[in-house]
Amino acid sequence: MYNFDFKKLRAVYIHWPFCPYRCHFCDFIALAGHERFMERYSNSLNLEINKMFDCLSTVQKTEIDSLYIGGGTPSTWPNSLLLDMSVTLNNKLTFSKHAEITIEVNPGAVSEGQFEFLKNIGINRVSIGVQSLDNAVLSGLNRKHTAQDTLKTLNQASLFFENINVDLILGLPGVSEEEWKKIIKTVVFWPIKHISVYFLTVYEKTPLYFGLKTNKFTLPDGDSLVPLYEWTVQELSCYGFNRYEISNFAKEGFESRHNKTYWNRDPYIGIGLGACSFDGKCRLQNKKNLIDYMECLEKGGSQIGFMEQLTEDQIQMERLMLGLRTKDGIEARFIWQNKNAIEVDEKKSLVKELERIGLLEKFDGKIRLTSAGMAVENDIILKLIS
Ligand code: SF4
């Protein structure tokens, strides 16, 4: 049995899978209409927290620098149960003085006064799932909130939190170029420090996937999204939101520490349904079936559903794929490490060519994607790892 090595553990993720509705594009581990299980699930989380952190020896217990409560919609977590979990966690872990503690909230699914409670239990960063400001688009994707709800949530959050992120999706059906630009020109004036802009991914078997097949939805022209993304990067930087990863933009001093854990491949522990843990060499994932997950913990069994020990090649590939998404880039040797002499020459020529056409650049002894390269990151990474 593999022994996890969490000596450098600095980050913890907690998953709350419950949502008041299911968005048509969503592929996350999210459950709508399962509110009756909230209390039992919350108790299971406490069992898992006790079990996981009791397993770590005293030597392995370090200060936690980042806690992320994601979902699902964690703002639907009843206050008393969330408080229980927070107490359980604080009994087991020590947080660093300036730890980043984030919770995701959805407009319309967070009650008035809840932000004060969240602040009181130690949350210091809020991430709001805005996605779009077009009510017809939101409703077409089964999101039960409006742009007005978003503004209300934002105003309430800003009374208690300085560090606020908003998530937006680029490429949603029904969002024209003009509409997208209007959204960006609006959010840059909001009292926020961080913006995540994700390209829409169409996952198989989602209502969006089937809706596209039956022409219920039409996606914007893919070719128009690259220049629109580049426009977005420029526009955001004019207002001090600097890109530090392909999808992430922050005001100075507000880059997300939790995000960086994943890109740097630092160790983290994930607690909850389907949550992943990682120690740099091995990744494990909790069971993804709600009843299965809860029963295993209640009966003292293992909640782990999947474990994968990475090969050196896989580690290399991950380093490259994740590192190239960031403004810090990677050491060039990661591209040709473990290759034979012919392959090394091929990769070196490829890197030179990508530099020549302006998609890669040398920076601080490393290489990274240029702005143009970031817009076609997938294609470049595929070439580099093939
Ligand atoms: S609110 Fe978020 S997690 Fe829940 S269904 Fe929608 S996209 Fe998925």
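The values are calculated or read from the model by the stated rules, or taken from the named source; none is laboratory data. Here the structure is a predicted model, which means the values were calculated and not measured. Using ideal geometry, Cβ is built from the backbone for each residue, glycine included, and neighbour counts are taken over all protein chains shown. These area figures cover heavy atoms from the full protein model, side chains too; ligands, DNA and RNA do not enter into them. Shrake-Rupley method; radii C 1.70, N 1.55, O 1.52, S 1.80 Å.
Taking the helices alone, the chain has a mean residue ellipticity at 222 nm of -12000 deg cm²/dmol, built from -39,500 (n - 2.57) per DSSP H run of at least 4 residues and averaged over all its residues. All Cα-Cα separations within segment 163-214 were binned at 5 Å from zero, giving a P(r) of 4, 17, 23, 19, 15, 11, 7, 2, 0, each value a whole percent of the pairs.
Restricting the GluC sites (Glu not before Pro) of segment 180-237 to loop positions (DSSP other than H, G, I, E, B) with no more than 12 neighbouring Cβ atoms within 10 Å leaves E204. Counted residue by residue at 0.36 nm each, then reduced by the alpha carbon distance between them, the extension gain from H34 to E235 reaches 68.3 nm. Our estimate of slack between F210 and E298, defined as 0.36 nm per intervening residue step minus the Cα-Cα distance, is 27.9 nm. Shape class of segment 100-150 from the Cα gyration tensor (axes a ≥ b ≥ c, square roots of the eigenvalues): prolate, since a/c reaches 1.5 or more and a/b is larger than b/c. With θ taken as phi - 60° and the Karplus curve 6.51 cos²θ - 1.76 cosθ + 1.60 applied, the whole-hertz 3J(HN,Hα) list for segment 272-277 is x, 4, x, 6, 9, 10 Hz, x standing for glycine and proline.
In vacuo Debye scattering of segment 312-385, one point per C-alpha: log10 I(q)/I(0) at q = 0.13, 0.15, 0.24, 0.28 Å⁻¹? Normalising to I(0) and taking log10 leaves -0.32, -0.43, -1.16, -1.54. Computed from the Kirkwood radius of its Cα pairs, the Stokes-Einstein diffusion coefficient for segment 56-208 at 10 °C and 1.306 mPa s stands at 94 µm²/s.
Radius of gyration (Cα atoms) of the chain, expressed as a multiple of 2.2 N^0.38 Å: 1.01. The simple Förster model, with R0 at 35 Å and r as the Cβ-Cβ distance, assigns K182 and F117 a FRET efficiency of 0.55. Listed as lacking a disulfide-compatible partner in the chain: C19, C55, C238, C276, C282, C296, by the criterion of no other cysteine Cβ under 4.7 Å. A 1.4 Å probe over all protein chains sorts F334, F249 by accessible area into F334, F249, starting with the largest.
If you plug the beta carbon distance of E355 and M307 into 1/(1 + (r/R0)^6) with R0 = 35 Å, you get a FRET efficiency near 0.35.
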